[in-house]
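Here's the structure, in structure tokens; my notes come after.
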Amino acid sequence: MVPREKMCESARKLRDTYAQKPDAPLYKCEFGYNSRGGLSECYYCLEKWYEQGLPKDADLAELFDYDPQGNFCLGQLGGCEGEFRPRFEEKVIEERGRHEVIQDFAGRSLLVFKGRRSGFMPEYIDHPVKDIKTWEQNVKWRLDPKTQQRYEDLPERMAQARAEAAQGKIITQDHVGAYMYLRSLIGPENLLYAFYDSPDLIHECMKAWFELSDHVTARHQQYVTFDEIFFDEDICYKNGPLISPDMMREFLFPYYQQLVSNIKSRQLDKTRHLYIQVDTDGFANSVIDIYQKQIGLDVMSPFEVAAGCNVVQVAQQYPDLIMSGGIDKRILAEGKDAIDKHLEYILPAMRRRGGYFPTCDHGVPEEVTLKNYIHYRKRAVELGA
């Protein structure tokens, strides 16, 4: 571990949050913001903000007072989909007036607006895996961990990772979660049937998930120690988990447990704590216990308020849980008084506790004006300082 005095300021601030240091200044960040200056989950609110006077060359980190990145993500293991090599061909399958059906890089058929393929939820028409035959023909070979294309730029990526680690930054291995991966292969509805009707298919898919994950992380761990694994899981909806705890134990957790165990055994710095973060939409409260017990969950995000999540209440129930999100994006559209009341309920309490990242509970919707968002950021900084 880099001595604290040699860490960059943002890394020290971020590590204080992970250490749940009470009363430490809150790390200034936002859902979807990345180090390249983009708000990936807020693209269409930006369109509206440009109409309201936001300069297109504005430095968003400076304007909205975000801290510099205190972490570095290693990539190569997907996010909302599996990490295919090669990816599926992206193409237009059918035109439907103002809409079009496309095949995306994950092999899915999606109904989208013409000229607007991201920033909203498309209609999912078809998915690449329907049975063992389509799994083997369409997908399995794209997840081969030995495909050399995966490692062509490994030396350059790892040199950057080591340079970031030398500044004390949190080294995160981001990763498509097991449920999210299965859903992208089979489809949200068909997957629920497949757990009952095709359990062997589910296990075949999960074996490939594990083998790719284990191989890629092993290569990365030759160069750097992981501080965190971030799993994009999305296993909950507005009323709770989409599958039962028994299903999680049968189909997901054996693969998670083996992967986490292998990663811990390979750490260059074996004294380093490995933080496990799970990102899920919807009402997440009911899965906190099971993820803590089964895979050692440390961090959870983004705690959607519309689904009933309340970060202050969850923080009281789970004092050791590091949390991100929980600020109701809808309230930002209501005006200054509503914003102030909402933030004054959340931020002082969470700052006293520690272990909290103050972000919206998803991308900022276009109904939020630039003026309101700037006020929100100003108050969030003042209350979190």
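Read-outs throughout are calculated quantities, based only on the coordinates presented, and are distinct from any laboratory measurement. Just so we're clear, the structure is a prediction, and the values are computed from it rather than from any experiment. Note: ideal-geometry Cβ built from the backbone for every residue, glycine included; neighbour counts use all protein chains shown.
With only Lys, Arg, Asp and Glu charged, each at its Cβ (+1 for the first two, -1 for the last two), find how big the charge dipole of the chain is about the Cα centre; round to the nearest 20 debye.
Taking the Cα centre of the chain as origin, the dipole is about 840 debye.
Of the labelled options [x] 27.1, 110; [y] 20.7, 71; [z] 20.9, 60, which one gives Rg and Dmax of the Cα atoms in Å as computed for this structure?
Matching the structure shown: [z].
What number, rounded to the nearest 500 deg cm²/dmol, is the helix-based mean residue ellipticity at 222 nm of the chain, given -39500 (n - 2.57) per DSSP H run of at least four residues and division by all its residues?
Mean residue ellipticity at 222 nm (helix-derived): -11500 deg cm²/dmol.
Using θ = phi - 60° and the Karplus relation 6.51 cos²θ - 1.76 cosθ + 1.60, list the HN-Hα couplings for segment 145-156 in order, rounded to whole Hz, with x at every Gly or Pro.
Using θ = phi - 60°, the values come out as x, 8, 4, 5, 4, 5, 10, 4, 9, 4, x, 5 Hz.
Considering the chain as a Gaussian network with a 10 Å cut-off on Cα pairs, which listed residue, Ile322, Ile276, Ile374, attains the greatest mean-square fluctuation?
Checking each option, the largest mean-square fluctuation is seen for Ile374.
Quick one: what are the phi-derived ³J(HN,Hα) couplings along segment 196-204, Karplus 6.51/-1.76/1.60 with θ = phi - 60°, whole Hz, x for glycine and proline?
Working through the residues one at a time gives 8, 8, 9, x, 5, 5, 4, 5, 4 Hz.
Obtain the nm distance between the two label points defined at Cys80 and Lys133 by a simple spin-label model: each point lies 7 Å from its Cα along the Cα-to-C-beta direction.
3.1
Let a ≥ b ≥ c be the square roots of the eigenvalues of the Cα gyration tensor of segment 170-243; is it rounded (a/c under 1.5), or, if not, prolate (a/b larger than b/c) or oblate?
oblate
Report, for the chain, the % of DSSP beta bridges that are antiparallel, rounded to 5.
45
How big is D, in µm² s⁻¹, for segment 259-351 by Stokes-Einstein at 10 °C and 1.306 mPa s if Rh is the Kirkwood radius over C-alpha pairs?
Diffusion coefficient, whole number: 107 µm²/s.
Checking the table Lys91/Lys329; Lys28/Lys264; Lys133/Lys169; Lys169/Lys238; Lys91/Lys169; Lys114/Lys329 against a 32 Å threshold on Cα-Cα, which pairs fail? Display every interim value, and only then the final one.
Details: Lys91/Lys329 34 Å; Lys28/Lys264 30 Å; Lys133/Lys169 44 Å; Lys169/Lys238 34 Å; Lys91/Lys169 39 Å; Lys114/Lys329 27 Å.
Table pairs above 32 Å Cα-Cα are Lys91/Lys329; Lys133/Lys169; Lys169/Lys238; Lys91/Lys169.
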